[in-house]
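Novice: One structure, pasted below without further comment.
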Amino acid sequence: MQDQPTPVELINAVAEFLRADVAPQLSGHAAFKLRVGLNALDLVARQLTLGASGDAAELERLSNLLGSSGSLEDLNRLLSARIASGEIGFDTPGLTEHVWQTTLDKLAIDQPNYASYRRERDSEQG
């Protein structure tokens with residue numbers, strides 16, 4: 001079993017090599033495709049770093065909100081069905097907080113440089 005380097009460390013090392021050594025040599029469409037590839041590597045690294053904890057927190061919030069257990073997919077399906085039926089709405093205690101935190105957790109992975117996300121993250125930390 002390999003302990004070091006971790007998958008995230010490997011991804012970051014490759015991304016840094018591409019940014020520092022390869023990107024300066026490219027222009028035009030090749031440079032664009034490299035930036036797309038680097039963005040994908042960065043996204044995968046964030047998924048590996050943040051995804052499991054975000055999913056676990058979402059699962060816990062859903063379980064508490066719905067009073068039920070199951071997979072993340074099952075509980076999201078149940079939440080959607082209860083919202084669609086009118087059984088649950090934004091006046092339901094905990095729903096707004098759940099949706100907001102889930103959104104922030106997903107933005108941390110998908111779009112961490114999104115200005116509104118950064119502003120909200122910084123206001124929570126400060």
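Novice: Of the heavy-atom accessible surface of the chain (probe 1.4 angstrom), what whole percent is carbon and sulfur? Can you show the working numbers first?
Specialist: Numbers: 4860 of 8580 Å².
About 57 percent, which is the carbon plus sulfur part of the accessible surface.
Novice: Can you give me the distance in nm between label points at ASN113 and ASN76, each placed 7 Å from the Cα along the Cα-to-Cβ direction?
Specialist: The two pseudo-label positions are separated by 2.5 nm.
Novice: So, R0 is 22 Å and r is the distance between the beta-carbons of ASP91 and GLN47; what FRET efficiency does that work out to, to 0.05?
Specialist: Approximately 0.10, to the nearest 0.05.
Novice: Where does the Debye-calculated log10 I(q)/I(0) of the chain sit at q = 0.12, 0.19, 0.20, 0.21 Å⁻¹, using only Cα point scatterers of equal weight, no solvent?
Specialist: Treating every Cα as an identical point scatterer, log10 I(q)/I(0) equals -0.65, -1.08, -1.13, -1.18.
Novice: Another question, then. Using Cα pairs closer than 8 Å and at least 6 residues apart in sequence, work out the relative contact order for region 7-125, in percent.
Specialist: For region 7-125, the relative contact order is 22 percent.
Novice: A further question on this structure: Quick one: accessible area per residue over region 71-126, 1.4 Å probe, rounded to a whole number of Å²?
Specialist: On a per-residue basis, 69 Å².
Novice: I need the phi-derived Karplus couplings for region 112-126: 6.51 cos²θ - 1.76 cosθ + 1.60, θ = phi - 60°, integer Hz, Gly and Pro marked x.
Specialist: So the Karplus estimates, Gly and Pro as x, are x, 9, 4, 4, 5, 5, 4, 4, 5, 4, 5, 5, 6, 7, x Hz.
Novice: If I take R0 = 25 Å and measure r between the Cβ atoms of ARG35 and LYS106 in this structure, what FRET efficiency does the formula 1/(1 + (r/R0)^6) give, to the nearest 0.05?
Specialist: That pair, ARG35 with LYS106, gives E of 0.65.
The values are calculated or read from the model by the stated rules, or taken from the named source; none is laboratory data. Computed from a predicted model, the values in this text were never measured in an experiment. Here Cβ is always computed from backbone atoms with ideal geometry, including for glycine, and neighbour counts include all displayed protein chains. Heads up: the accessible areas ignore ligands, DNA and RNA and are worked out on the full protein's heavy atoms, side chains in. Shrake-Rupley method; radii C 1.70, N 1.55, O 1.52, S 1.80 Å.
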